[in-house]
Structure formats: C-alpha cells, structure tokens
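Following: one structure in structure tokens, then a few remarks.
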Amino acid sequence: MESLPGDTGSRNLYGAWLRFTSGQTLDAGTVRDVVVASWRRCRDLGVKPDEPTVYRLSDSHLSYRLSRRLEIIEATTPFMKSLYDLVKGSGFVVTLCDEEGFLLEILGDAEVLEDAGNISLVNGVNWSEEYFGTTAIGVTLATGAPVQVCAAEHFCRMCHSWTCSAAPIRDPDGRLLGVLNMSGHCRRAHPHTLGMVVAAAGAIDNQIRAQKISRDLLVTNRYLLALMGSMPDGLVSVDTNGRITHMNMAAGRMLGVDPEKATGRSFPKNIGREIGIPEVLGRNITVLDREVEVDGPAGRAQVSVSARAIWQEAGSAAGCLVTLREMKSVRRLAQRMVGAKAIFTFEDIVGRSGSLSKTVDLARMAAGSSSNVLLEGQSGTGKEMFAQAIHNASPRCRGPFVAINCAALPRDLVGSELFGYTEGAFTGARREGRPGKFELADGGTILLDEIGDMPLDMQVALLRVLEEKTIVRIGGQRVIPVDVRVIASTKKDLKDEVARGHFRDDLYYRLHVLTISIPPLRERVGDVPYLAHHFLERLGEKMDRRGAAFTTEAMRALEAYHWPGNVRELQNVVEQAINLVQGSLIGIAHLMLPRSSEGSQTSLREAEERAIAEALETTGGNVTAAARLLGVSRNTIYRRAGRQRGYGGLRRDERPV
C-alpha cells in the first residue's frame with residue numbers, strides 16, 4: 001500500500017474522504033471497498049468525522065473488565081512483548097482490545113504513547129466504529145477479518161496521520177475474543193506490518209487453544225481423581241513396566257499401603273501373577289473377578305481382582321487398570337441380586353389361637369439367641385415366615401437372609417450350592433468359580449429348608465461347617481471363615497429319620513438346640529375365620545375386589561374343613577373364591593376345596609347339604625330365593641338338593657320336570 005503524505009495517492013484519498021463526508025458521490029475505485037463499507041456504517045451510526053465520541057470506562061469499571069478478560073490478556077501479553085521488541089524505537093504501539101472494542105493493553109515508546117494519548121488511544125477507551133469510526137480495530141470488530149487502515153482511510157480526521165494494522169483473536173470455537181493491533185505514523189505504513197500482526201494473532205489463537213486443552217485435561221484429570229477417590233472399589237493404574245502410576249484410597253486400604261507413597265513402586269507380585277499382567281498388556285486379555293489373597297492391614301484377606309489394558313491410538317498398551325473389590329462387598333452385591341433379604345416379621349404372623357401365641361413367644365425368645373434353630377411343622381404352616389421373623393428380630397437383622405430348599409436341589413448340586421466351587425471344579429463350572437449360600441449368608445442367617453432331605457454325605461460337610469465355622473469350596477483348598485446363624489426346617493420327624501438311618505444323629509443334636517414346633521391349622525382353634533377374613537381383605541385389595549364377604553354357610557364349611565395344606569391352602573381357597581364370585585357374597589359353591597381325604601370330603605359335603613337345607617327351609621322351598629341367599633345358581637340347588645333327598649325339600653312348582 002503506497003499512500004504516503006504528499007504523493008498523489010494520499011491526496012486523492014483525502015479528496016475522496018472530503019467528498020464522502022460532505023455528502024457527495026464517490027468515483028468508483030477511488031477508495032477500497034472495505035473502507036467505503038466502513039465509512040457508510042459510520043455515517044449510519046451518526047459518527048462525526050471532526051468530533052468523534054470518546055467513550056472511556058471509569059477506573060473501577062476498567063479494573064472489573066480486566067479481571068474478566070484475564071485469559072486473553074495472559075495469553076496475549078507475551079506475543080505483544082515479542083511484537084513490540086521487533087518494532088521498538090520505530091514509532092509504533094501494540095494494543096489489545098476486547099470483543100467490544102475497549103482497549104485493555106498498550107505497549108510502545110514513551111513519545112509514541114504520548115501521541116497515542118492525544119487521540120485517546122489509551123486503556124479503557126472504546127475504539128469500535130460506533131465511537132471512533134473507521135479504524136483497523138473497528139473494521140476488524142465489524143467484519144472479523146484482518147485489515148490495515150492508513151491516513152485518510154480513517155473516518156475521523158484526528159486519525160489521518162496514523163496507520164493501523166489489526167487482526168482478530170478467536171477462541172477454539174471461533175468466537176471473537178478481541179483484536180490485536182499495531183499503530184504508528186502513516187509515513188511508516190508497510191503491508192508487512194499487517195502480516196506480522198496476523199502471524200502474532202494466529203500464535204495467540206494457538207496458545208489459547210493449548211490453554212483450553214490443558215485446562216480441559218486438568219479438569220478431566222481432577223474429575224477422574226475425584227471419581228477414583230470416591231469409589232468403594234480399589235483402583236490401581238500400572239504402566240508397561242509394572243509400576244504403579246496411581247492408587248486410590250480404597251486400594252491402599254485393602255493392600256495396607258499409603259497411596260501417595262505407592263506411586264512408582266512395583267505392583268504386588270502375587271496379585272500380578274494371579275491376574276497375569278504381562279498377558280493383559282501384551283495380548284489384550286481382560287481378567288474379570290479373579291479371587292486373590294492379599295496381605296492387608298488386618299492380615300490376609302480375599303479380594304476380587306479385575307484387570308484391563310489401556311490402549312494407545314498406535315495400537316500398543318500404555319498400561320493397565322486393576323480394580324480390587326473386597327469379597328465381603330462382592331457377597332453383599334450378590335445378596336442384593338439374589339434377593340437375600342428377610343421380608344416377614346412377627347407382626348405378619350396372623351392368628352389368635354393359644355397354640356400359635358405360644359409358638360410365637362418361643363420364636364421371639366429364639367431371636368435373641370445365637371444358637372441354631374430347628375423349625376418343625378407340616379407343609380403350609382409358615383416355617384419360612386417364622387424363620388424370616390426370627391432373623392428380623394435378631395441382632396443379625398441388618399445382615400443377609402439366605403434360604404435354600406434342600407429337597408429341591410439335585411443330589412450332585414447340593415454341595416456346590418451350599419459351599420460354592422472353584423474354577424474348573426467340575427464340568428460346566430463357571431470359569432471364575434462361584435460362592436456358595438454359606439458365603440452369601442456371611443454375617444446373617446441361612447435357612448436350610450427341608451433339612452431332612454439332605455444327602456448323608458452333605459450332612460457330614462454341614463456338620464463340619466457348624467462346628468468349625470469355616471467352609472472349603474468344592475475343588476479348592478482355601479479355608480474360608482463364615483459367620484452364619486443356621487435355622488433349619490423340616491416337615492419330617494427327624495428322630496424317626498435318625499432311627500431309620502436317613503439322618504445323622506450328631507447333626508440332629510447339633511441342630512436340635514432350640515426346637516420350635518409350628519401347629520397345623522386344624523389345631524389352631526378359632527384361627528380359620530380370622531385368617532379367612534384377613535386373606536379376603538388383603539387379596540381383595542390386591543385384586544381390586546373389595547367389599548366381598550363370606551356367607552354364614554361358607555364360613556361354616558371353612559371351619560368344618562380339615563385343612564391338610566394348612567395356612568397356604570386356606571389362602572389359595574380364598575383367592576380362588578374371589579376369582580369365582582360374581583357378586584359380593586362368597587358362598588359354598590365358590591369354595592373350591594380339594595377333597596384330599598375321605599374325611600374332608602364328607603365334612604364338606606355335610607356342610608353343603610346342611611347349608612342348602614337351611615336355605616330352603618328359610619325360603620319355604622323357593623329355589624330362586626335360596627340360590628340368592630347362598631350366592632349360587634339355581635342349577636346348583638337343583639343338583640345338590642336332588643342328591644340330598646330327591647327334591648323333597650323343594651316346593652312342588654320348583655321341582656324340575
């Protein structure tokens with residue numbers, strides 16, 4: 001650009017400026033398009049070419065603005081100093097404006113700074129087009145592009161003796177952060193000046209980008225460290241040489257070392273051998289839930305270890321991440337997954353009979369003891385409910401409650417279910433092994449339901465567990481201590497089983513410490529009506545059939561029944577009746593009582609016949625009225641009255657033809 005004072009180009013430019021500011025039309029090509037576009041914006045903004053508006057921040061407002069722009073100031077200052085060093089003594093100043101045009105920093109020779117002050121090129125003054133018209137700073141703010149403005153290209157006369165070169169500074173997302181500018185006397189204008197400013201602005205952009213990346217990495221690292229520190233599991237990162245690069249507090253606690261002092265040390269060799277760190281690093285093998293013994297602060301302890309390689313983009317391992325979880329934590333997780341929790345309490349055991357009350361009182365006493373409990377009772381009497389209630393009322397109530405039905409397991413799986421197994425213990429075994437029910441019940445209670453059906457060889461192993469409080473997994477040798485209270489239940493007579501050689505006498509006496517016999521429903525005087533109403537209310541609420549009630553005859557039938565299936569059978573009968581009844585009255589016809597014995601069949605038949613006879617007598621032999629009273633159909637009355645006495649109880653006009 002050649003526009004030095006005194007030459008033809010400068011005079012032509014000044015003439016064009018005069019014509020434009022006086023409202024005349026410019027000749028095409030006289031002034032650069034970028035300058036003409038800025039002049040027009042300035043005119044539209046009402047900028048006065050001979051008297052620009054100086055908008056300057058107060059000292060307090062400037063200090064506040066500087067504090068909010070520290071990032072760009074810190075990133076730009078070194079480059080401004082380097083740029084000034086290149087032009088020092090040549091009459092130039094280097095300035096930094098923010099995204100709104102306020103001057104934040106200025107560097108220059110003393111005499112040049114004095115000249116700059118004469119045109120308000122000082123900190124805190126706004127140099128956007130709105131206030132100072134066309135300048136390199138204002139045009140760059142308006143267009144976002146680097147530009148050089150010289151002499152009369154400036155819209156305001158006071159700047160005609162200056163030349164300025166400006167370039168935008170942007171953040172990594174492309175947003176304008178500010179403008180880097182170099183200003184001096186117009187006689188020193190040179191196109192290379194703009195190139196220097198553009199290069200410096202580009203370097204500043206890169207610096208800001210690098211700072212953002214560094215900040216993001218720092219924040220990410222802090223998040224990761226906070227995450228690792230808050231994890232209940234132990235976490236250790238290991239480099240390719242097997243040295244620890246980081247360890248969280250949980251891992252330090254498990255291994256009995258200070259995490260801060262562990263950095264740089266070799267990873268524990270016994271754990272490294274068990275999980276095969278070289279294979280993890282070299283062959284990208286992932287190890288999951290490998291059980292390992294470690295030397296912790298309280299002695300040897302069991303932990304579950306997993307390891308996974310950390311891969312670089314080049315395809316090689318940068319290290320591996322090792323997680324450690326205490327086996328107690330693993331067991332708690334397994335307990336939650338298998339639902340190892342007792343639900344019922346003594347308040348859930350419904351009944352008012354004296355025999356049941358005595359049984360509940362005995363069970364409450366057993367809850368306060370740590371001795372083994374043997375629950376005896378027929379099927380359906382609620383043995384597991386009693387076991388759960390004992391657990392929930394005991395000091396172990398916060399621990400797991402694990403139930404296993406010994407009669408439901410195949411003979412060859414009883415041992416693995418109770419005691420667990422190690423890797424490769426038998427064909428089909430899981431690779432990482434599996435804890436048994438005794439391990440899962442550690443710290444709580446285990447219910448051995450139908451203990452009388454346990455195979456004799458497993459009875460020997462169970463006796464050892466009860467005596468030594470330890471287990472050994474099938475296929476393993478490691479002795480694992482377990483703290484478990486045992487509740488056993490059976491519907492068999494274990495004394496008789498001992499006499500017949502089906503149950504070990506030593507195990508029987510080990511279990512027969514606190515024996516609780518749960519009475520069958522037929523011996524719980526007065527409990528049938530109470531339980532029937534209880535189930536009717538509870539199930540009716542659940543099945544959205546509220547308001548149902550038993551007829552007198554139906555209740556008599558329930559009381560007369562023998563109940564070989566006990567409470568469970570009564571609950572099923574009530575649920576069936578709720579499904580069958582159309583109205584609100586449950587009659588005899590809705591009671592689907594199974595005739596499991598001749599005695600119970602006769603009892604039910606007699607109750608039905610007695611109820612029908614009473615209904616017909618009450619209604620004077622009116623079948624329709626009797627059926628309505630009993631809540632059954634007329635056909636039921638015809639069929640059962642005919643079976644009863646050949647329709648003799650029916651009115652003549654009601655008898656079938």
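For this structure, a couple of remarks:
- Helix axis angle, 354-367 relative to the chain longest principal axis, alpha carbon, degrees: 40 degrees
- Residue separation of residue 542 and residue 100 scaled by 0.36 nm, minus their Cα-Cα distance, works out to 152.3 nm of gained length.
- Residue-normalised convex hull volume from the C-alpha trace of the chain: 342 Å³ per residue.
- Using a Förster distance of 22 Å, the FRET efficiency for residue 220-residue 175 (Cβ separation, nearest 0.05): 0.50
- Net length gained if the chain between residue 310 and residue 114 were fully extended (0.36 nm per residue, minus Cα distance): 64.5 nm
- Computed lengthening from residue 317 to residue 60, 0.36 nm per intervening residue step minus Cα-Cα distance: 87.1 nm
- Whole-percent carbon and sulfur share, accessible surface of the chain, 1.4 Å: 50 percent
- When the convex hull of its Cα atoms is projected in every direction, mean area for the stretch 449-528 (nm²): 7.0 nm²
- FRET efficiency for residue 533 and residue 625, using Cβ-Cβ distance with R0 set to 22 Å, rounded to 0.05: 0.25
- Taken as Cα centroids, the stretch 94-136 and the stretch 159-216 sit 14 Å apart, rounded to the nearest whole angstrom.
- Between 0 and 90°, nearest 10: helix 59-68 axis offset from the chain longest Cα axis: 50 degrees
- Mean residue ellipticity, 222 nm, helices only, the chain: the sum of -39500 (n - 2.57) across DSSP H runs of n ≥ 4, divided by residue count and rounded to 500, is -13500 deg cm²/dmol.
- The chain: angle of helix 566-580 to the longest principal axis, Cα-based, in degrees nearest 10: 70 degrees
- Computed label-point distance, nm, for sites residue 457 and residue 40 using a 7 Å Cα→Cβ extension: 10.0 nm
- Across the options 363, 119, 154, the greatest Cα extent toward the positive end of the charge dipole of the chain (unit charges at beta carbon of Lys, Arg, Asp, Glu) belongs to 363.
- Here residue 209 and residue 397 are evaluated by their C-beta separation; at R0 = 56 Å the FRET efficiency comes out at 0.40.
- Sequence-separation-based contact order of the stretch 182-318, relative, with Cα cut under 8 Å and 6+ spacing, percent: 14 percent
- Max-minus-min Cα coordinates of the stretch 42-153 on each principal axis give 38, 33, 27 Å, with the largest extent listed first.
- Listed pairs 383/437; 358/492; 358/383; 469/492 exceeding 23 Å between Cα atoms: 469/492
- In nm, spacing of pseudo-spin labels at residue 361 and residue 582 (7 Å Cα→C-beta vector): 5.0 nm
- Probe 1.4 Å, accessible area per residue of the chain, Å²: 50 Å²
- Value of relative contact order over the chain, rounded to a whole percent, pairs C-alpha under 8 Å and six or more apart: 7 percent
The values are calculated or read from the model by the stated rules, or taken from the named source; none is laboratory data. Values in this document were obtained by computation on a predicted structure and should not be read as measured data. Every residue, glycine among them, receives a Cβ derived from its backbone with ideal geometry; neighbour counts consider all protein chains shown. Side chains included, ligands, DNA and RNA excluded: accessible areas come from the protein's heavy atoms. Shrake-Rupley method; radii C 1.70, N 1.55, O 1.52, S 1.80 Å.
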